[in-house]
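The values are calculated or read from the model by the stated rules, or taken from the named source; none is laboratory data. On a predicted model such as this, the values are computed, not experimentally measured, just so you know. All Cβ positions, glycine included, derive from the backbone under ideal geometry; neighbour counts span all protein chains shown.
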Amino acid sequence: MTRFAAAILFVVACYSPAVGQVKTDRIRVAENVMQGMLVKKVDPQPPSGDASNIHGEVVFKAVIGKEGSIESLQAVSGHPILIPPAINAVKQWKYKPFLLNGEPVKVETTIRVNFPADDGNPQKPQSAKEK
């Protein structure tokens, strides 16, 4: 082995963390997995007035704490008028703690909030005969 190769191996060995010593602040978990761990969901209040016809999806990059509460939200996409009500709703969501090797860990995931289009037909309450 050349001296250069030996020097590279030495540097890599000195600065590489040993297996089992890697500590991460959080782990990335797929959004469909986290949807299954959602225990409290608050629906957003749709915009009112002139903005009531705005619909679509707001996508967030979220960090969920060890206890299952939302720690941070970063809007990735969505109409600017829909983002504030989506934030207000999602901040109230609660998840089961995500366990890694039996210990709760912070999670980074994607959260989607949908604001459906209003079809213009107000829903009528069902009468006793229709039920």
Search result, residues across the range 74-95 that are out of contact with any Gly (no Cβ under 7 Å at 6 or more places or on another chain) and in a strand (DSSP E or B): Gln74, Ala75, Val76, Ser77
Near pairs, Cβ below 8 angstrom, 6+ apart or cross-chain, from the range 32-60 (at negative phi and small (Gly, Ala, Ser)) to any residue that is surrounded by 11 or more Cβ atoms within 10 Å (Cβ to Cβ) and part of a loop (DSSP other than H, G, I, E, B): Ala51/Ile81; Ser52/Pro46; Ser52/Asp118
Candidate set: the range 65-77, residues that are touching a helix residue (DSSP H, G or I) at 6+ places or on another chain (Cβ under 7 Å) and either buried (at least 17 other Cβ atoms within 10 Å of the Cβ) or in contact (Cβ under 8 Å) with a residue 40 or more places away in the chain (or both); chosen: the one farthest from Lys106 (Cα to Cα): Leu73
The listed residue being surrounded by fewer than 17 Cβ atoms within 10 Å (Cβ to Cβ), modelled with pLDDT of 95 or more, within 12 Å of the chain's Cα centre (by Cα) and among the hydrophobic types (A, V, I, L, M, F, W, C), out of Ala30, Ala89, Ala62: Ala30
Filtered residue count, the range 45-73, keeping only those that are assigned to a loop (DSSP other than H, G, I, E, B) and of a type in the set (Lys, Arg): 1
In the range 59-89, the residues that are within 24 Å of Val39 (Cβ to Cβ) and in contact with a Pro (Cβ under 8 Å, 6 or more places away or on another chain): Lys66, Glu67, Gly68, Pro85, Ala86, Asn88, Ala89
